[in-house]
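S.K.: Could you have a look at this structure, given as structure tokens, before my questions?
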Amino acid sequence: RLSWCLRAAGQTLASGGSDVADQPAGPAREIAAAQIRIPNLAAATRASLEVVLKGRGQVVSNAWDVWLFPRGPSRKDLVAAAAAKGVVIAAEGSDEAREAEAGGKDLIVHSNQDGPGNIMLGWWYFGSQMGVVLNDHPALKYLPHDGLISPLLFRVLKEGRKLPVPGIAQKDLIVAGEGGSACYLYLAERRGSGGGRVFVVSGLDILSGYPEGNAILRGLLEAF
């Protein structure tokens, strides 16, 4: 019998199972399928999907980390909220970004968001990215991270901007990473030339529309 359980913070969110026929040893293959209905959540959470296969005196088990997000504002809603709040979201180096910074406006500048996610299948090989540190910052309050590298983040993680970056001190870094030959800025905060607050985002796709991207963008807007 195959059984599964979705747990978070010591609580069971969903569970189920099914009987399966005897299976010969051999390559991995599908022996059962299940649709998991995620209950309403008050906040984003890190959960674990645990699966156990029992039969003929043997027990085989595995578990996978997952991030669960409650329904929240969409990318379109967040961009509109930024405009209503007077926060400018613009590509780094663009005329719009330069004018907003010179005018003392609160600003989110982004770069390096195109291209595939920075992850490849294989033993501990994640493209150019080998490790990520996420600091405890209000901008990340909607992201259920543990502070360290997680493949769950890599769908929105591209290649950041190589450090050092002029105008960015170590204390300004919110998300930073290490690659094979360089360290990278992914998210940092600095003061703009006109006096406004500026969040610098590089290689972190906050405009992807994915739940994790929306979670970071929402946190950034509320941090102003």
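The values are calculated or read from the model by the stated rules, or taken from the named source; none is laboratory data. Quick caveat, the model's predicted, so the values are computed rather than measured. In this analysis, Cβ positions are derived from the backbone assuming ideal geometry, glycine residues included, and neighbour counts consider all displayed protein chains. Just the protein is used for accessible areas: all its heavy atoms, side chains included, with ligands, DNA and RNA removed. Shrake-Rupley method; radii C 1.70, N 1.55, O 1.52, S 1.80 Å.
S.K.: Could you list, in sequence order, the residues of the stretch 179-224 that are hydroxyl-bearing (S, T, Y) and touching a Ser or Thr at 6+ places or on another chain (Cβ under 9 Å)?
M.R.: Hits for the stretch 179-224 are S181, Y184, Y186, S202.
S.K.: Next question, about the same structure. So I206 clears everything in (1) farther than 25 Å from D65 by Cβ; (2) assigned to a loop (DSSP other than H, G, I, E, B); (3) at pLDDT 95 or above except one condition, right? Which one?
M.R.: Every condition holds for I206 apart from (1).
S.K.: Report, by residue number, each residue of the stretch 187-200 that is out of contact with any helix residue (DSSP H, G or I) (no Cβ under 8 Å at 6 or more places or on another chain) and within 20 Å of L78 (Cα to Cα).
M.R.: R197, V200
S.K.: Can you tell me which of A188, A176, A182 is open to solvent by less than 30 Å² (accessible area, probe 1.4 Å), farther than 21 Å from L217 by Cα and small (G, A, S)?
M.R.: Just a single option satisfies the conditions, and that option is A182.
S.K.: Six or more apart or on different chains, Cβ under 6 Å: which pairs go from a residue in the stretch 15-43 that's closer than 30 Å to R71 by Cβ to one that's among the polar types (S, T, N, Q) and not in a loop (DSSP other than H, G, I, E, B)? Could you list them?
M.R.: G17/S3; A32/S18
S.K.: Is it the case that R46 is open to solvent by 60 Å² or more (accessible area, probe 1.4 Å), part of a strand (DSSP E or B) and over 15 Å from F69 (Cβ atoms)?
M.R.: For R46, the condition - open to solvent by 60 Å² or more (accessible area, probe 1.4 Å), part of a strand (DSSP E or B) and over 15 Å from F69 (Cβ atoms) - is not met.
S.K.: Does at least one position in the stretch 4-12 carry a residue that is open to solvent by less than 80 Å² (accessible area, probe 1.4 Å), out of contact with any His (no Cβ under 6 Å at 6 or more places or on another chain), among the aromatic types (F, W, Y) and within 22 Å of L153 (Cα to Cα)?
M.R.: Taking every residue of the stretch 4-12 in turn, none turns out to be open to solvent by less than 80 Å² (accessible area, probe 1.4 Å), out of contact with any His (no Cβ under 6 Å at 6 or more places or on another chain), among the aromatic types (F, W, Y) and within 22 Å of L153 (Cα to Cα).
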